[in-house]
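Chemist: Next up is a structure, given as structure tokens.
Read-outs: derived from the displayed coordinates by stated rules, not from any lab. If you're wondering where the values come from, they're calculated on a predicted model, not measured in any experiment. As a convention, Cβ positions derive from the backbone with ideal geometry for all residues, glycine included, and neighbour counts pool all protein chains shown.
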Amino acid sequence: MSVQGPQQVLELAKVGRTFGAGATAVAALRDVDLTIGAGEFVAVMGPSGSGKSSLLALAGGLDRPTSGAVFVESTPLAGLGLNELARLRRRAVGYVFQDFNLVPTLTAEENVALPLELDGTSARKARRQAADALRQVGIPELASRYMDQMSGGQQQRVAIARAIVGQRRLILADEPTGALDSTTGQGVMEVLRSRADAGAAVMLVTHEARHAAWADRVVFLRDGRIIDQATAMHDPTMLLTQAGL
């Protein structure tokens, strides 16, 4: 499935990413073509080392491709300076990292509000939106806690709240349920699904077929290449088989 026209949020065109050079070069991604439109939820599956995390990093402007081009809402990321790229990420892109990337000296609410405040939103408005995001992920009562006062699963939900706060048009999630129990993980998938239904483009990297089944489309990676794409299926066994897991 390819999304065309003004509703396209993310495009990767013939993207490649190679680490190292010469005999030690490792190709993490090879000639990847992928588009995601507004309101579309795409899950990315594949075995370890297939390039899933590299794909997310390039989509969010956290890394630069060795070849090809990445566009967010028709803006070529290669043409942006570091400050412009940071501004685009704060305003348009929400990213859920595997290792959370939270600031330990800030409370949960302050962590979630931080990208809004850095972009010029008033502290009062940013905190109000942060409180709403924490409510959406089910932990409004933890707003004033610091990271060392939370479990790993609670920190993961703070990281997810930070990714969805404000008007993010592209949400990228790298195994966002890894530190969560099955019930809480289901709640997170409901939040991501609702964001797509509200018009955001969502890309989820997951090993879990039951989570990929929430998506509109599943992309299968192997050895840095997209080997198949399919509309989401509700048969976990079939998803795992196609992903090579």
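Chemist: What's the local net charge at Ser151, with K and R +1, D and E -1, over the other residues with C-beta under 11 Å away?
Modeler: 0
Chemist: Still on this model: With runs of 4+ DSSP H residues as the only contributors, calculate the mean residue ellipticity of the chain at 222 nm using -39,500 (n - 2.57) per run, divided by the residue total and rounded to the nearest 500.
Modeler: Values: 8 runs with 85 residues, N = 245.
Result for the chain: -10500 deg cm²/dmol, rounded to the nearest 500.
Chemist: Here's another thing I want to ask about it. Just how large is the dipole of the chain about the Cα centre, in debye to the nearest 20, putting +1 at every Lys and Arg Cβ and -1 at every Asp and Glu Cβ?
Modeler: Details: 25 positive and 25 negative charges, 102 e Å.
In debye, rounded to 20, the chain gives about 480.
Chemist: Sort largest first and round to whole Å: the equivalent ellipsoid semi-axes of region 171-220, each the square root of five times a Cα gyration tensor eigenvalue.
Modeler: 16, 13, 9
Chemist: Right, something else. Hey, how many Å between the Cα centroid of region 140-187 and the Cα centroid of region 29-62?
Modeler: Result: 21 Å between the Cα centres.
Chemist: Compute the convex hull volume of the Cα atoms of the chain, divide it by the residue count, and report the result per residue in Å³ as a whole number.
Modeler: 128
Chemist: Taking the Cα atoms only, what angle lies between the long axis of helix 182-197 and the longest principal axis of the chain, rounded to 10 degrees?
Modeler: 80
Chemist: Roughly what % of DSSP beta bridges within the chain run antiparallel, to the nearest 5?
Modeler: Working: 22 of 39 bridges.
That works out to approximately 55 percent antiparallel.
Chemist: For a test of the definition: using alpha carbon positions, the gyration tensor, and the 1.5 limit on a/c, classify region 58-174 as rounded, prolate or oblate.
Modeler: On the way: a/c = 2.34, a/b = 1.75, b/c = 1.34.
In terms of gyration-tensor shape, prolate.
Chemist: Rounded to the nearest 10 degrees, what's the angle between the helix 108-118 long axis and the longest principal axis of the chain, both from Cα atoms, 0 to 90?
Modeler: Compared with the principal axis, the helix lies near 70 degrees.
Chemist: Any chance you could give the angle, 0 to 90 degrees and rounded to 10, that helix 82-92 forms with the longest Cα principal axis of the chain?
Modeler: For 82-92 against the chain, the angle is about 70 degrees.
Chemist: As a footprinting exposure proxy, order Ser67, Ser50 by other Cβ within 10 Å, with the fewest listed first.
Modeler: Result, fewest neighbours first: Ser67, Ser50.
Chemist: Sticking with this structure for a sec: Tally Lys and Arg at +1 and Asp and Glu at -1 over the other residues with C-beta under 14 Å from the C-beta of Glu190: what net charge comes out?
Modeler: +4
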